[in-house]
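Input: a single structure, listed below in structure tokens.
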Amino acid sequence: MAGSLATIVLSAQGSGAIASEMIPVLVQSEPVTAAVEAGRQVHFVAEPVVQQVPGNPAPAVENSDDDAATLQEAVADQPVDDTLGSQLRCLASAIYFEARGESLEGQLAVGRVIVNRSQSGRFPASYCGVVLQPSQFSFLRGGRIPGAREASRDWREAVAIARIADAGSWASPAKGALFFHATRVSPRWRLQRIARVDNHVFYR
């Protein structure tokens, strides 16, 4: 991925303790979009983006997205319209920037972390609130969500996975996860490890 070198801080919250790591990452640029959340504007800006960070318990879900036998079928069954509210856009954006190019299961695991956080009582109660919370997601730029390439297959998959994660219609391979990080870093988190899915390790 072409871009410039940047340094970010990863933080995990829990029991009043914060774990952090300084790591170098490569960044790239994306286009601009915007959305409105509860009377305030949520900006999606064209700034450098990075991949990885921490990333909640949620009710158990069954793999029952209508009659889909596989997650791939469930994704294919999602609507392909342009009606995407600001909350789903925040969720889809996080999936896109954190896990695009990974398996559908890996994208779903990341999406469910955001859903879990919003339901946990330990984090903001909306997807945009979770994603925009300071020191949590490293793809944010100036507290804003970069714009995605919305004509791309990666964006369409992220939107479909966001709808599935939001509906809780397919079980996450990292059930109950509240945090995650990229496998190429090793933060010293005192958290319960749940699973590794593709390029991320998940914890609760």
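Remarks
- Scanning region 119-131 for residues that are surrounded by fewer than 22 Cβ atoms within 10 Å (Cβ to Cβ) and more than 16 Å from Ala174 (Cβ to Cβ) returns Gly121, Arg122, Phe123, Pro124, Ala125, Ser126, Gly129.
- Note on region 185-204: residues that are open to solvent by less than 40 Å² (accessible area, probe 1.4 Å) and assigned to a strand (DSSP E or B) total 6.
- Hits in region 132-145 - residues which are crowded, with 23+ Cβ neighbours inside 10 Å and in a strand (DSSP E or B): Ile145
- No other residue among Ala99, Ala58, Ala92 is touching a Gly at 6+ places or on another chain (Cβ under 9 Å), within 19 Å of Tyr203 (Cα to Cα), modelled with pLDDT of 95 or more and surrounded by 18 or more Cβ atoms within 10 Å (Cβ to Cβ) apart from Ala99.
- Residue within region 167-184 that is open to solvent by 30 Å² or more (accessible area, probe 1.4 Å), of a type outside the set (Asp, Glu) and assigned to a helix (DSSP H, G or I) present: yes
- Within region 70-85, residues that are closer than 22 Å to Glu105 by Cα have Cβ atoms under 8 Å from residues that are surrounded by fewer than 10 Cβ atoms within 10 Å (Cβ to Cβ) in these pairs: Ala74/Asp66; Asp77/Asp66, counting only partners at least 6 apart in sequence or on another chain.
- Hits in region 146-164 (condition: farther than 11 Å from Val75 by Cβ, small (Gly, Ala, Ser) and open to solvent by less than 20 Å² (accessible area, probe 1.4 Å)): Gly147, Ala148
The values are calculated or read from the model by the stated rules, or taken from the named source; none is laboratory data. Owing to the predicted nature of the structure, the values given are computational and were not obtained by experimental measurement. No Cβ is skipped: glycine too gets one built from the backbone with ideal geometry, and neighbour counts run over all protein chains shown. Quick note on the areas: whole protein, heavy atoms, side chains included, nothing else; ligands and nucleic acids left out. Shrake-Rupley method; radii C 1.70, N 1.55, O 1.52, S 1.80 Å.
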